[in-house]
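Below is one structure, written out as structure tokens; comments come after it.
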Amino acid sequence: MKYIFLIIAILAVKLAFGQSNANKAGVKDTLVLNPNYDKALADKLGGDDYGMKKYFFVILKTGANKTADKELTNKSFRGHMDNITRLVEEGKLIVAGPLGKNENNYRGIFILNNLKSIEEVKELLLTDLAIKNGLLDYEIFTWYGSAALPEYLPFSDKIWKSNR
């Protein structure tokens, strides 16, 4: 599964860097200037010259705690959901969601924004009760993606009809 994400990330970077444009003489020019470029927006979002930035990509997986204690499990996953809400409100979490069943016991993903180091990410992940209680574990990767990714969040709250 992680190789699929790696391949997607590599293809995205190749597409971003591999663009070219022919000049009037028909000679390929390696620089493409975007007529829609909005410097203020790029600066606000932290985008580089390619409209990209570094994020932390987290794969959540089944943790070592195999407890049958339903009260602990329910409390931990309620805390997990509350923590997700808090991180979104703080602008630190921009993508979260579960994964389907798989042989790697991967449970879900986070894409974290506006964090500076893996140590900071680890500290933040330990605020999640399901991780803290060992019901979930994680793998952390740095990921280079579109700086515009956080812009989808304001729209996501307008398209869900029910929260059940």
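In units of 2.2 N^0.38 Å, what is the alpha-carbon radius of gyration of the range 113-164?
Taking N as the residue count of the range 113-164, the ratio is 1.49.
Ordered by packing density, taken as the mean number of other Cβ atoms within 10 Å over each peptide's residues, highest first, how do 116-126, 36-46 rank?
116-126, 36-46
Arrange the peptides 68-77, 50-59, 132-141 so that the one whose residues have, on average, the most other Cβ atoms within 10 Å appears first.
Ranking the peptides 68-77, 50-59, 132-141 by packing returns 50-59, 132-141, 68-77.
Can you give me the relative contact order of the range 34-155 as a percent, contacts being Cα pairs under 8 Å and 6 or more apart?
43 percent.
In Å and on Cα atoms, what radius of gyration and Dmax does the range 50-164 show?
Expressed in Å, the Cα Rg and Dmax of the range 50-164 come to 14.7, 49.
Any read-out appearing in this document is the output of simple, stated calculations on the displayed coordinates, not a laboratory observation. Everything numeric in this text was worked out from a predicted model, so none of it was measured. Don't worry about glycine lacking a Cβ; one is built from the backbone with ideal geometry, like all the others, and counts go over all protein chains shown.
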